[in-house]
Structure formats: C-alpha cells, structure tokens
Amino acid sequence: MNKKGPLYAMFFSLFLLLPGCGSLTVLNPQGPAAKTLSDTIILSILVMLGVLAVVYILYIIMLVKYRAKKSNEGYIPPHEEGNKWLEATWIAIPIIIVAFLSVVTVRTTNAVENVPADYKDQKPLVIYASSSNWKWHFSYPEEGIETVNYVNFPVNRPVEFRLYSFGPIASFWIPQLAGQKYAMSDMTTYLNLVAETQGDFLGRNTNFSGKGYAQMEFTATSMSSDDYDKWVNDVKSTASQLTEDKFKSLLATAHVGRETFSSTHLTFSPPPGEHSEHMDMDHSNMDHSNMEMDNNEHSHQSN
Amino acid sequence: MNFDLEKFKVHGEPLIYGAMISIALASIGIVVGLTVFRKWGWLWREWLTTVDHKRIGVMYILAALLMLFRGGIDALMMRLQTAAPDMKFLDAQHYNEVFTTHGLIMILFMAMPFIIGLMNVVVPLQIGARDVAFPRLNAVSFWLFFFGAMLLNISFVIGGSPDAGWSAYFPLASLEFSPTVGNNYYSLALQISGIGTLITGVNFIVTILKMRAPGMKLMRMPMFTWSVLITNVIIVFAFPVLTVALALMMFDRLFGSQFFTMANGGMDMLWANLFWVWGHPEVYIVILPAFGIYSEIIATFSKKNLYGYTSMVASMLIISLLSFVVWAHHFYTMGQGVMVNSFFSISTMAIAVPTGVKIFNWLFTLRKGRISFTTPMLYSLAFIPIFTIGGVTGVMLAMASADYQYHNTMFLVAHFHYVLIPGAVFAVIAGFHYWFPKVFGFRLNERLGKHAFWWIIISFNVAFFPLFILGLMGMTRRMYTYSAETGFGPLNMISFAGALGLAIGFAILVYNIYWSTRYMPRDKTGDPWDARTLEWATHSPIPEYNFAVVPNVKSLDAFWAMKYDKQPLFEDQITKIHMPSNTGKPFVLGVVFFFLGFFLVFSMWIPAIVAGIGVLIVLAAMSFDRDHGFYIPADKVIKTEKKLGGGTL
C-alpha cells in the first residue's frame, strides 16, 4: 500500500526542472539589497530542507515499519501517554531554529531598510515614484525632470525611492534590485537600492489594483553616471514641461506609454506627508547646495 | 426610488449567459421535480424546518460541496486563462471577478461551512449530548450562512460579482474605483453569513462547556471536540471585527461615509488592518478543526491512543493565542519599520513551534501502531508531508526581509494552497469519509475512494508546486495575462494540467457517493472502523435523540475503554427524552435577510426598509415563541432501540 513512489518521483523531477526554467529572477540579484534578500532566502531554504528531511525520514520509517500486514495480525498496539523528554526535544529544537531565523530576519530587514552598507558615504539619489491607475510616475527633484513608466539612474549609486499613490494601493518592485514596498495615497514609504551592474531591469506593481493591473510594468535602467548626466541634460533641453493640466490628463488616462518631461508634478500635486524640501522649489534656479541632506534625515527609515 | 433595470444586467460573454441559462434550467428542474414527486411537504417538514444538529450538519456539508464545485470551476477557469501566455479565454474584468469569488467561496462558503457541518454532526455525539445548547439558534446560523452564500452566488448573473480581491483592499474596493454593485454584494453577503457564524461560535462554546456527558472532564474530551472548542473561541473573538469592518465598508459604499476613502481623512490601511485582524485568525478557524479530525483518524487507524494528548491541547491553545498577534505579516511591505516587522516576524515564526509539536505527536502516534490504510487514513497521512511543505514555506514567508521578495507573488499563492488544501480540504474529505457511515449507515467504497485520493494528491502537487518556482521567477498573483518573454508559460501549463487532474479526482469522489448509496452494504454495528470515541457508541444512522441513555464517561477514549477494558458506559435506565420542536422561523428569517441584503445591494431603499422591518418581526416572533418542545416517551425509545439493534440496551 506504500505507493508514495510517484509522488517523490514528481518532486524530484520538479527540482530537476528548476535550472531549465530560465532565470529565477529573485535569486539572480544585481545589487546589494536584492543580494541580501537572495542570500536570506537560500539560507532559509537550506534550513527548511533540513526540517523536511527529518519529518520525511521519520514519516517513511513509521509507515513502513508499523503498517498492518499479515505478520502482525494479532498485534495489539501499546497504550502510550507520551514522553516528556521526546516532547521537550521537539519543542526545543524548533525554538532554536526559529530563534536563529529571527536573528537573521531582524538583521537583514534592518539592512535592506537602509542605504546598503558599502554606499553609506554617498548621497542617495532621491526619486519619487507614484502610481496612478496602471502607470508609474517618476519625479527626479534634484534634476527637475519627470518620466512615466521608465526610470533611469546611475549604476553604483544609492537610490532612494519615495513611494505614494494617486489611487489604489500599489506595490513597487524591481526584483533584481530590491524587495517591494507599498505605494499608498495617505503616506510616503521609502525603498533603498543600488544597482551594481548596468542594464535594464523589469519593475512592476505586485498589488492588485484593478483591470489594467497585469500591464502595470516599467523598465528600470541603470547606466554609467556619464550616460545618466547626458540623459538628464537631453531631457532638460528637449522634453516639454509637465503642466498641471497635462498631469491631470495623464492621471485620467488608464494606460500611457513612456513619457518624459522637463519638470515634475511635486509642486502642484505634492506627495503625502512632509516633503517640503522638494515642493517649494522653483526649478528654473534650483540650487543643489541647499539640498544636501545628511544621513540623520533618513533616520525615520530605521526606527 | 430610482429604479434602473440596467444595474441588474451583467453585460458579459457567452460564458455568463450560459451560466444564467443553466441556473434557470436547474431551478426549474428542481421545482418541477419536487412537484412531480410530491416532495414539498417532505422537504419542509424534514429539512427546512429541522432543528436536529445532524440534519443541519448534513445541510451544511451539502451546501459546502456545492460551493466546492462552484469555487473549483472558478479555479479551472483561472488556471486555463493563465495556462499559456496571452490567453484570450477571459478578459481582465471577468478574471478579476473569478479570482475574487474563488477566494471568498472557498474560504467562507466551502471550507468553513464544511467544518461547521462536521462539527454539527459530530460534536454533540462526541460529548454524549442530545443536541447543541441552542438547537433553534443553530438553524438560524445555518440559514443565515446559506442565504448569505446564495446572495454572493447570484452576484455574477445579477449586477456583477465583487472584483477587488477576496481581501477587498481600499481604496480599490471603494465606490470610486469599483463602481459596480459587486463590492456591495461582498459587504452584505459576508455580513449575513458572518452573523450566522458568530452565533455558531457562541452555540458551540456553550454546548461543549455545558452539555458534556457526566464524567467527561475537559481533559477527557476527544481531540476533535477540543479543536472545535478552541476554534469557536477564535470565532467569537475574531468575527465581531469582520462585522464592524463590513459595516464600515457598507457605510462607505452605500451611504457615502469616508472611513477608507482616499480623501477626507479616510485610511485605506485601516481596512487592511481590520480585515487581517479577522482574516488571520480565520485561517486558524479552518485549520484547527482539521488538526482535530486528523487526530481522531490517525489514532483510530493506528489502533492507538493519541500520543502526547496534553501537549496536543496545549499547542492548539498557543496557536489560537498567536493567531491574533500576527496579522501584520500580511503587509510587511507597508513601510511600518524594522521594529514592527520584526515583532510580527518572530510571532509568526513562533507558530511553527506548536505546529511542529503536533506533527511529531502524530508521527509518534503511528509508532508501534498497526496502521491500516483506509481512505480517511490516506488523506490524513498525505496531510503530513504536504502540510509540512506548507509549514516550512510559511516560516520562509514569515521572515519579513525575505517577504519583500515573496509578497503578492505566486510563491505566496503556492504556500497558502499548500497549507489550506491539506490543512482544510483533505481534512474535511477525510472527515467526510470517516463519519459518513455514522450518518448514513454505510461506508463509501474504498476502491473508488483510493482512486479519487491518488488523483487528488498527485494532481494537487502538479498544480501547486510549480507556483513556488513561478514566484521566485517573479510572477505575481492576480495577473490575468503575461507575455511569452516572461518565461512563465510552461510551468503555468503544468499547473493547469494539475488543476484538471484535481477536477477528475473530485468527480470520482462524487461518483463514489452515488455508487456507494446504491450498492454498498449497510452497516449494522454502528462502529465500522473499530473507533475510540463516543459518537461510535450509538447506532448508525443515528436516532433523533442520539443516545437512548446518557453515557457515563470514566476515561479518555471512553468507547474504546468500553469495548476493550469492559468499562461500563451506559448505566442508567431509559426514561422519556426531551426534544425541541421543528420550526420554520429560522428559514423565514434567512429568506427575509436575503431580500434585505439584495435590496441594499441595489440601494432600493423602500423595499429594503420593508425587509428590515420583516427581520424585526421574525425576530420578535422567535422571542415570543412559547413552544417548549416535546417528550419522546420511554416505551417509544425502547421500541426504536430494539428496531435498531439495541447496542446500548
């Protein structure tokens, strides 16, 4: 009656399929935040495989050894109340495992909620990312430009995304660079990441937000800082201004393609909460020296 | 009143029109059938007005099976739509409605009523009681659940189904972003059936605390009764939160209040918090009774008492407490900071400890046993390795940092199916096979049962294991389509194949019920499995008074002790037995509530007010009811017992 064979064959073949499935995006990190998370996930998978092994081995032994068969026909199983030492063992060992994983969790959560350790000395590039219907708006307050459905930033420089929403809750996710964070209408959330390779990364909303949700994707491109500066200058000189009317018509449209503007919506449609340093600015004579932010200002992220 | 027929119409596709036609034909068929065979009176006297816990339990299970097929068809439609890239089977709106109702129906109108059904059938018998504490209230519970479920079920042909996910996050579920009546149905259908569930909670707590047979101390209760007691305590603490949240939602959607809106101080995350303060314990409401069912079945078919009874009870108590302090793990990504996330991470992972205790206790119950592989035992045994996968991936998800990568992906979907299907669905199927002969007096066919079992177990893994990998590949949940470049196609196709296999397995299960009803030999012993607990000490099918003589319990597994240690169980004389009378008022209350809900969904105020007054009138009529039931005379009991074979005489 022990027909578990097909079950295990299937599990085994699924594991064999793994490498054939193309890239496991989440386990293919291109920056320190995603790397931390990927390492955490792999560590937890290994620990959990250990737990599974113990349960499965015990399980197979019990089923093979104590199944009803002809040879044990008259056997009367004993009455067993339990055993406090055995029970204490399987309380204590899980507690140790959970304690270990708790330490890992707290440390890694703290790590990814802050600027990655190797980049603490650099000033992060602040980009406001906001969702509306089924599109993403990216405002670059330092450069005074705005893009829709794509975002560019320099490689090897910390980027601080500030997330909020003009509609349903969205979740901002670039799996190869960092874990996700919600964008909500009544508060601003923060996401730190650094890209360590140049290239295009898929980003998307992962929190269901209605009809167009499946298409709510954007491209995140990390480029050399020279290319980034050149692109910013191009945008400033060629793209049109984002007027309030234009922004409102963008919000009202369900889907749009890529858009580029030489000003941002932060002044007339400010993000929720305290963001005055980016809202009172007049972009024509913006002075970057006023924008120096020390690390204390970011302490709210690690509390 | 602004009457607008357009609101009722669902402009859909051939699929929806097809469904409308089949619903209409089935309804006509039922009405004609009942009339032709003159069964209206029988239906009313024997079922619609019954207050017998066993019949109410059977009706719960029937309704749950129906909903299993409704939710299963939803699941097949979803897996088909995502089986290949750029599928054109469903459009976005229809897909959104399908996954929303799939979640709602499977949790609230399938898993929970199935468990409440088993509870109704089994618990009074296991504690040696004649009925639940409040039999008429029990009927009220059932009819409120039933008509709440019906209200949700008509939504897809009248006005449109809810489409904001089963968690209905605001502001998406607000009038601004979901202008159809779908989420009105959500708030009202769940409210009506939720009140029923809350009443069940009170009823069963009182039943278990006050109606136990003499000598049945708390620590002599069968494990299923223990799990039901703890579950109902969770219900009583968790459901009022849902009641309040749904009421606020209704105010927002029907009366223009601004609790969860974007503007005017509305807080969208307040909904998320309220929803999960109820929603997380809800998961344990459906899983703890499953633990109880498995404990009964594993002990019975190992021919051993349950290993570590005390630690089994303690671990369920700890799980129930922890279930209330982990809700924020549903939104680690809300930006609540390292401290808060760490607290919820650790409390969530802590649940693994008592759950592990239970797994090892079951494994050690098997040790030194003599294990027979009956169908209910197969489901219980399959539960252990599969649920452990669900459990360890749960620990992985509980790690807040890692969850930033799993949140809302298929990895999460795979995890909760790996927890809920072995944890709740296999359990109710196992319990269904196990207790079926008690209720109907014959077993289900073992060969067909095992066929269905292997289809279900293997297909389950084929359907859901690929989703873990898809999650790590970056596929998010609730996406109705994806492009070929994503590479999600092949694994989704495998998953669809698994879903088809599951459908075949469930079809065999239903065929088994039909086949066994016709051909299986009837069981005269009342104890076909050589079981341990009190419910097997009476006849099958069970006489309306359950036990002719109230049992005197002197140990755990009292029926086993009676059989093998010659411990006397029925020592008293047969005397007259008090029974409650049937009543049609709970059914009428359900109907009136249904209309109240329906009129409110469409903001038809005058009919709604009339229906509201109707509710008050029925409630008043119930409160002033002077029917105190009746007695079955002792000689009639003796006659019945003799006819049934007289095991307890």
Are there any pairs with C-beta distances below 8 angstrom linking a residue in region B:398-415 that is part of a helix (DSSP H, G or I) to a residue that is open to solvent by less than 10 Å² (accessible area, probe 1.4 Å) and acidic (Asp, Glu), with the two at least 6 apart or on different chains, and if so which?
none
Could you tell me which residue of region B:478-495 is most open to solvent (accessible area, probe 1.4 Å), considering only residues that are in contact with a helix residue (DSSP H, G or I) (Cβ under 9 Å, 6 or more places away or on another chain) and of a type in the set (S, T, N, Q)?
B:THR481
Out of A:SER71, A:SER44, report the one residue that is out of contact with any Ser or Thr (no Cβ under 6 Å at 6 or more places or on another chain), on the phi < 0 side of the Ramachandran plot and more than 9 Å from chain B (Cβ to nearest Cβ).
A:SER71
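Considering only helices (runs of 4 or more DSSP H) fully contained in region B:573-647, which possess at least 3 residues that are among the polar types (S, T, N, Q)?
Counting at least 3 such residues, we get no helices (runs of 4 or more DSSP H) at all.
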Qualifying residue in region A:139-160 (condition: open to solvent by 10 Å² or more (accessible area, probe 1.4 Å) and either of a type in the set (Lys, Arg) or facing another protein chain (nearest Cβ under 10 Å) (or both))
yes
Answer yes if at least one residue in region B:177-198 is within 14 Å of chain A (Cβ to nearest Cβ), part of a helix (DSSP H, G or I) and hydrophobic (A, V, I, L, M, F, W, C), and no otherwise.
no
Residues to consider are B:MET339, B:MET349, B:MET334; find the one that is surrounded by 23 or more Cβ atoms within 10 Å (Cβ to Cβ) and either more than 18 Å from A:SER44 (Cβ to Cβ) or facing chain A (nearest Cβ under 7 Å) (or both).
B:MET349
Qualifying residue in region B:364-373 (condition: more than 10 Å from every other protein chain (Cβ to nearest Cβ), crowded, with 22+ Cβ neighbours inside 10 Å, touching a helix residue (DSSP H, G or I) at 6+ places or on another chain (Cβ under 8 Å) and assigned to a helix (DSSP H, G or I)):
no
So B:GLY498, is it within 30 Å of A:THR206 (Cα to Cα), buried (at least 18 other Cβ atoms within 10 Å of the Cβ) and touching a helix residue (DSSP H, G or I) at 6+ places or on another chain (Cβ under 6 Å)
yes
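Each row is one residue, and each column tells you yes or no for (1) open to solvent by 10 Å² or more (accessible area, probe 1.4 Å); (2) farther than 20 Å from B:ALA352 by Cα; (3) away from chain A (no Cβ under 14 Å); (4) of a type in the set (Phe, Trp, Tyr).
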position	(1), (2), (3), (4)
B:VAL286	no, no, yes, no
B:PRO289	no, no, yes, no
B:PHE301	no, yes, no, yes
B:LYS304	no, yes, no, no
B:TYR307	no, no, no, yes
B:MET312	no, no, no, no
Just one of (1) within 24 Å of A:GLU196 (Cα to Cα); (2) hydroxyl-bearing (Ser, Thr, Tyr); (3) open to solvent by 30 Å² or more (accessible area, probe 1.4 Å) trips up A:SER171, so point out which.
(3)
For region B:480-511, enumerate the residues that are within 14 Å of chain A (Cβ to nearest Cβ) and of a type in the set (A, V, I, L, M).
B:ALA484, B:LEU491, B:MET493, B:ILE494, B:ALA497
Given (1) under 30 Å from A:ASN72 (Cβ atoms); (2) β-branched (Val, Ile, Thr); (3) open to solvent by 10 Å² or more (accessible area, probe 1.4 Å), number of the condition B:VAL277 does not satisfy
(1)
Has region B:126-146 got at least one residue that is touching an Asp or Glu at 6+ places or on another chain (Cβ under 8 Å), open to solvent by 20 Å² or more (accessible area, probe 1.4 Å) and free of Cβ contacts under 8 Å to residues at least 40 places away in the same chain?
no
Buried (at least 18 other Cβ atoms within 10 Å of the Cβ) and at pLDDT below 95: does that describe B:PRO586?
no
Only one of A:LYS135, A:LYS123 that is in contact (Cβ under 8 Å) with a residue 12 or more places away in the chain, crowded, with 18+ Cβ neighbours inside 10 Å and under 30 Å from A:SER263 (Cβ atoms)
A:LYS135
For the structure I just gave you, tell me whether A:ARG107 is within 14 Å of another protein chain (Cβ to nearest Cβ) and either charged (D, E, K, R) or within 16 Å of the chain's Cα centre (by Cα) (or both).
yes
Could you list, in sequence order, the residues of region A:1-32 that are more than 9 Å from every other protein chain (Cβ to nearest Cβ) and either touching a Pro at 6+ places or on another chain (Cβ under 6 Å) or at pLDDT 55 or above (or both)?
A:GLY5, A:TYR8, A:ALA9, A:PHE12, A:SER13, A:PHE15, A:ASN28, A:PRO29, A:GLN30, A:GLY31, A:PRO32
Test of understanding: among A:GLU274, A:GLU297, which residue is among the charged types (D, E, K, R) and either modelled with pLDDT under 50 or part of a helix (DSSP H, G or I) (or both)?
A:GLU297
Filter result for A:LYS211 (within 7 Å of chain B (Cβ to nearest Cβ) and either basic (Lys, Arg) or assigned to a helix (DSSP H, G or I) (or both))
yes
Would you point out the residue of region B:353-383, among those that are of a type in the set (Gly, Ala, Ser) and within 23 Å of the chain's Cα centre (by Cα), that is nearest to B:VAL395 (Cα to Cα)?
B:ALA382
For region B:417-430, give me the residue count where each residue is more than 13 Å from B:LEU509 (Cβ to Cβ) and either without any contact (Cβ under 8 Å) to a residue 60 or more places away in the chain or open to solvent by less than 10 Å² (accessible area, probe 1.4 Å) (or both).
7
Could you grab me the full set of residues in region B:435-455 that are open to solvent by 40 Å² or more (accessible area, probe 1.4 Å) and farther than 27 Å from B:ASN546 by Cβ?
B:GLU446, B:ARG447, B:LYS450, B:HIS451, B:TRP455
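The values are calculated or read from the model by the stated rules, or taken from the named source; none is laboratory data. If you're wondering where the values come from, they're calculated on a predicted model, not measured in any experiment. Positions of Cβ are generated from backbone atoms using ideal geometry, with glycine treated the same way; all protein chains shown enter the neighbour counts. Side chains are part of the model used for accessible areas, which takes the heavy atoms of the whole protein and leaves out ligands, DNA and RNA. Shrake-Rupley method; radii C 1.70, N 1.55, O 1.52, S 1.80 Å.
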